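The values are calculated or read from the model by the stated rules, or taken from the named source; none is laboratory data. Nothing here was measured: the structure is a model prediction, and the numbers come from that model. All Cβ positions, glycine included, derive from the backbone under ideal geometry; neighbour counts span all protein chains shown. Areas reflect the complete protein model, heavy atoms only, side chains present, ligands, DNA and RNA absent. Shrake-Rupley method; radii C 1.70, N 1.55, O 1.52, S 1.80 Å.
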Amino acid sequence: MARLVVLYGTPIDPGAFDKYYFATHIPIAKQIPGLRKYEVSRGAIGTPAGPARHHLIATLHFDDMNAVQKALASPQGQAAAADVATFATGGVEMMFFDSAEI
């Protein structure tokens, strides 16, 4: 299983971010081909040193790294990526990795 993790920084207006993210962005992102599961953080995000600078973390699950690459290159993946600039006023970091259960 491969994962794409998106870390959204604290936005200028958290309420507007949440409203747009859940009503508009998630439906766009759920159209990405190969997407198996979509998870988002709930509540405050912390670190061992205290509060994190992130407002929300999204984890998208795919079968493998090839599926992630295809998803990002697809028209739906490009549309989701382009939409991020609409609401992510706190910045965004994206990473992907392959994972295995142990």
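Give the accessible surface of the chain per residue, rounded to a whole number of Å², with probe radius 1.4 Å and ligands, DNA and RNA excluded. Write out the running numbers ahead of the final one.
Numbers: 6140 Å² over 102 residues.
Per-residue value: 60 Å².
Please give the contour-minus-distance gain from Gln31 to Asp63: 0.36 nm per residue of separation, less the Cα-Cα distance, rounded to one decimal in nm.
Values: separation 32, 0.36 × 32 = 11.52 nm, distance 1.57 nm.
Between Gln31 and Asp63, full extension yields 9.9 nm more.
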* Taking 0.36 nm per intervening residue step and subtracting the Cα-Cα distance, what contour gain separates Ala44 from Thr86 on full extension? -> 12.9 nm
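For the chain, what is the relative contact order in percent, using Cα pairs closer than 8 Å and at least 6 residues apart in sequence? It would help to have the intermediate numbers written out before the result.
Numbers: 164 pairs, mean separation 52.1, N = 102.
Relative contact order for the chain comes out at 51 percent.
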* May I ask for the distance between the Cα centers of the range 24-41 and the range 63-102, given as a whole number of Å? => 10 Å
* Structure fact -> In whole percent, the fraction of accessible protein surface over the chain that belongs to carbon or sulfur atoms, probe radius 1.4 Å, stands at 58 percent
* Could you pull out which residues in the range 85-100 have an amide N less than 13 Å from a spot 7 Å beyond the Cα of Thr10, following the Cα-Cβ vector? => 90-91
* For the range 54-64, Karplus couplings with θ = phi - 60° (6.51, -1.76, 1.60), whole Hz, Gly/Pro x -> 9, 8, 8, 10, 10, 10, 10, 9, 9, 5, 7
* Asked: By its C-alpha gyration tensor, with a ≥ b ≥ c as the square roots of the eigenvalues, how is the chain shaped: rounded for a/c under 1.5, else prolate for a/b larger than b/c, else oblate?
  -> oblate
